[in-house]
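The values are calculated or read from the model by the stated rules, or taken from the named source; none is laboratory data. If you're wondering where the values come from, they're calculated on a predicted model, not measured in any experiment. Because the Cβ atoms are built from the backbone with ideal geometry, glycine has one as well, and the counts that use them run over all protein chains shown.
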């Protein structure tokens, strides 16, 4: 029942029926009633929101490889949306930070495989800070009608920011990368990774709306209908598209992947650089012997991984002779992952180098996005005063300026090196340049048996769907793989084994919708999210001015 305020006493609120009273000169016992506000679930106990979002972040981590509990990806956004709803921006920021730490600390644990814990934890904190910014925005837009949509758009905005700023961004752990297969995967063919992230986040925020709704049945029905229709349409489109990819008459080529393995895992994986090169040479010679004996199909092209020759074969005659021997034996070009000296005495280049059996070294692609703090040290002079850990990177890797395209054996290859597969623009560039096959040369030896390898493979699978191209992953230690344009694994290797894969690959030329629109869907979603946040912030300010209480 309502509580009447006596004259001269402050206003009172009855939490049971939300009837307010205020001090007036009316007779004692008189009550002024206000229209009841829309009902919502009771506030959570103190500390419960932080626990909720932490559990949500952990659940989302389990959606990623190698755990692959795909649908748990929606739990993180759902938990955060429930927790921040109606709260001040500063509370949203705190809850976003907690959610981010709960996700990124386990997700990026591979960063501490052979290093101290502090770089890993600092990286996780850096990435979680973007979710803190997003959490503040979520709290603001939660006051608007249709808030699940605005929240999902802001999730894409946060991923767009952290994938670009600062030091080139770090897009690892984007929500879309958890979906190399499943009901959300087909969205990649329409709007790339951002649209997949949006679909997952929107599912989570609609689930949160259903939890908070007093008419939960209606909310669930509307949410399921809203999300199911585009997913069904996208899946149908992808199925039809994949059927057309496998039609007769499509140009094809046979590619071999050589995974030579390394003498030891860890940061010193290439301390015996000649042994790593020899492993790849010997594995290629074995493949040539199998082809001669009729045990394997003859390839048109051979792919070696990143760091397969950390001895510069352009300046070291012994390394050049070893690669020549392998190329002559197999009789086709080899795409070698090499480290070249220069330009200048204090820098090196991480490259893909096409080695012809007759003419030797030819086309070169230099990695366009070296990894900061791993392949080069920003503000080196300052940071080396803080820790000697950066001495491990003796010389900085330079950035290339040209798109990684190779023309060999009638094949137009789009080359990406290691972490470059995580960046939307680098992948789209090679497709725009006419690549029929995407190649990922990578070296996972520095991460041991950790989750990093599986996470990177999932990115490659989603890129295949996004661009409608087969993807060839060549790793020093695994996992090397052939990936079909629908994202499925055709064939793959085990970790830390010497293996060779040979497969016939279709040369895809038709474009997906995502190829044509590139970053368009992402920028639309970013704009929608920011406009919703700005509108909600202005409305909240006006409300506070008109009613300071």
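Here are the numbers for this structure:
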| quantity | calculated |
| --- | --- |
| Filtered residues of segment 94-124 (kept if without any contact (Cβ under 8 Å) to a residue 40 or more places away in the chain and over 14 Å from residue 172 (Cβ atoms)) | 97, 112, 117, 118, 121, 122 |
| Qualifying residue in segment 278-293 (condition: assigned to a loop (DSSP other than H, G, I, E, B) and modelled with pLDDT of 95 or more) | yes |
| Residue within segment 370-385 that is under 30 Å from residue 509 (Cβ atoms), modelled with pLDDT of 95 or more and crowded, with 22+ Cβ neighbours inside 10 Å present | no |
| Spans of strands (runs of 3 or more DSSP E) in segment 445-498 with at least 2 residues closer than 19 Å to residue 307 by Cβ | 471-475 |
| Residues (part of a helix (DSSP H, G or I) and touching a helix residue (DSSP H, G or I) at 6+ places or on another chain (Cβ under 6 Å)) located in segment 321-353 | 322, 326, 329, 330 |
| Residues of segment 160-183 classified as under 15 Å from residue 125 (Cα atoms) and part of a helix (DSSP H, G or I), total | 1 |
| Considering residues of segment 191-216 that are touching a helix residue (DSSP H, G or I) at 6+ places or on another chain (Cβ under 6 Å) and modelled with pLDDT under 90 only, the residue surrounded by the most Cβ atoms within 10 Å (Cβ to Cβ) | 213 |
| One residue from 219, 186 being at pLDDT 55 or above and over 26 Å from the mean Cα position of the chain (by Cα) | 219 |
| Qualifying residue in segment 314-335 (condition: under 30 Å from residue 116 (Cβ atoms) and free of Cβ contacts under 8 Å to residues at least 60 places away in the same chain) | no |
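Residue-wise test of (1) assigned to a strand (DSSP E or B); (2) closer than 22 Å to residue 304 by Cβ.
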{"residue": "355", "(1), (2)": "yes, yes"}
{"residue": "358", "(1), (2)": "no, yes"}
{"residue": "364", "(1), (2)": "yes, yes"}
{"residue": "370", "(1), (2)": "no, yes"}
{"residue": "382", "(1), (2)": "no, no"}
{"residue": "391", "(1), (2)": "no, no"}
{"residue": "394", "(1), (2)": "no, no"}
{"residue": "401", "(1), (2)": "no, no"}
